[in-house]
Amino acid sequence: MTTMTTMTTMTTMTTMTTMLLRGLLLSMLFAAACGDGATAAPDAAPAAPDAAALRDLLVEAALDGNGLSTEVAFVVPSRTRSLTIVAEGDEAALLALGSLVLADGTDRVDLDLNRSWAAEMTASYHDEQIGQMPGSLYQSIRLGTFTQVYPTAPGQALPAGPASLRIASTATNGNVTVRLLLPDEDEARTLAVNLVAVSDQFSFSGRPPFVDVMQTIFDQAGIAVVVRESSVLADSGLERISTFSEPQEAPDSQAAELAGLGPQNGALNIFVVEGLPSGVGGLSLGTPGPPVQDSSYFGVLLLHSTSDALLGRVMAHEVAHFLALQHVTNRGVSGMSYADPLADTEPGQGNLMENGTTLTPDQAYALSRSALLTLP
Ligand SMILES: [Zn+2]
């Protein structure tokens, strides 16, 4: 995670890319230099002591005329908690995975790669306003920055070994940057958050009671929530968020603008604002969001409330979105209902991802895969 620390001082994607690639190159040189005496081929799998160097990669890929990227090859180290894919490209373009072939040779997405998927992506995102990618893997199509965490449910194997993926986009012939996070399966179950009061009317210190309300809910997933830092963001002009976009926040949204102003200490930013659009208690900048602190999709927004029970529940709901979870069901513009990808969630059971507080075992598992979780 040293790369993350380095990134805090980076301001542009270009610089970040250069630095990360340089870091990766150094890591690869180190891997070769520290091998067990054998001559390492450039694409040889690293020896175990150097596996950590390959748990955070940044790769550029080029899109073809169908909007499908060149193949991004990587290695899943043994003992890997999850694979998080963050693809960044043109802000006006939709992104998702075209393929994800793991070491067992099976493509989890299973789409025809000899054609464009732009029409289906556009229809689901902009027309139906659901944003679900066709194929076998549940994916949330996204504008500008796409995030996928795998596995999303129990029983989805992430075998160690060589793997590859391709990005699918509505853009053609441009480039996408693909960040891959492959954290160790170290039983990390601590989520650090920053509380940002976007107001001169209120502020936070210590561990406010609403965090304890959220903790009670996250206890069901065995996740401990710690407050790393509390701060005030005054005079941002974003105290009252007046718009939101469906199905997810867009790169030019007020929410994304606010997220770009957050602290960068690795903890997930929780922005508490004075106003959200009517009927909205909170917004997550992704389902899931990118666990990458310099992304303008890094964080969740909450409407300030004097009710700790309300604020704590909404915080749990939005953070659960950001880490992994969908609503139990979503309704599209057509009126059609779309279920989440989990087998044990049922509507009307008081679930956190409806209007309740309970989590199912599958939801707890999905949350526990997040790359944001750390050891205490
Ligand atoms: Zn929600």
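The values are calculated or read from the model by the stated rules, or taken from the named source; none is laboratory data. The structure presented is a predicted model; accordingly, all values stated were derived computationally and were not measured. So basically every Cβ, Gly included, is an ideal-geometry build from the backbone, and we count neighbours across all protein chains shown. Just so you know, the surface numbers come from the protein's heavy atoms only, side chains and all, with ligands and any DNA or RNA stripped out. Shrake-Rupley method; radii C 1.70, N 1.55, O 1.52, S 1.80 Å.
Quick notes on this one:
- Nearest 10 degrees, 0 to 90: helix 209-218 Cα axis against the chain principal axis: 50 degrees
- Taking the protein heavy atoms of the chain in the context of the full set of protein chains, the accessible area attributed to carbon and sulfur is 53 percent at 1.4 Å.
- The dipole here belongs to the chain: it is taken about the Cα centre, uses +1 on the Cβ of Lys and Arg and -1 on the Cβ of Asp and Glu, and is about 400 debye.
- Note on Thr190 and Val280: the extension gain reaches 29.6 nm, defined as 0.36 nm multiplied by sequence separation minus the Cα-Cα distance.
- Cβ-derived FRET efficiency at R0 35 Å, Glu246 paired with Glu60, nearest 0.05: 0.70
- Shown here are the Rg and Dmax of the Cα trace of region 190-368, at 15.4, 46 Å.
- Local electrostatic count, Thr145, Cβ distance below 13 Å [Lys/Arg +1, Asp/Glu -1]: -4
- Kirkwood radius and radius of gyration were both taken over the C-alpha atoms of region 55-181, and their ratio Rg/Rh is 0.94.
- For region 148-254, accessible area per residue (1.4 Å probe, heavy atoms of protein chains only), Å²: 40 Å²
- Shape parameters for region 55-119, alpha-carbon atoms, Rg then Dmax in Å: 13.0, 38
- Helix 308-323 axis, angle to the chain major axis (alpha carbon atoms, nearest 10°): 20 degrees
- With a Förster radius of 22 Å applied to the beta-carbon distance between Asp219 and Asp110, the computed FRET efficiency rounds to 0.05.
- Each residue of region 287-298 is assigned a 3J(HN,Hα), and the resulting list reads 9, x, x, x, x, 10, 5, 9, 7, 7, 10, 9 Hz, derived from the Karplus form 6.51 cos²θ - 1.76 cosθ + 1.60 (θ = phi - 60°), x at Gly and Pro.
- Rh by Kirkwood over Cα pairs, then Stokes-Einstein D for region 281-342 at 1.567 mPa s and 4 °C, µm²/s: 102 µm²/s
- Two numbers describe the Cα atoms of region 91-137: Rg and Dmax, which are 11.7, 36 Å.
- Virtual paramagnetic centre 7 Å along Cα→Cβ of Asn175, amide N under 20 Å, in region 286-328: 294-296
- If you take the alpha carbon atoms of the chain and fit the smallest convex hull around them, that volume is 134 Å³ per residue.
- Hull-based mean projected area of region 221-304, where the convex hull spans the alpha carbons, in square nanometres: 5.9 nm²
- Linear extension gain, Ser305 paired with Thr329, 0.36 nm per residue minus alpha-carbon span: 6.0 nm
- Solvent-accessible area of Glu60, all protein chains in place: 90 Å² (probe radius 1.4 Å, heavy atoms, ligands and nucleic acids excluded).
- Residue range of the chain that is longest and free of trypsin sites (Lys or Arg not before Pro) which are both DSSP loop and sparsely packed (at most 14 other C-beta within 10 Å): 116-376
- Within region 55-181: Cβ-based charge dipole about Cα centre, in debye rounded to nearest 20 (Lys, Arg +1; Asp, Glu -1): 500 debye
- Folded to 0 to 90 degrees: helix 13-33 orientation relative to the chain principal axis, Cα: 50 degrees
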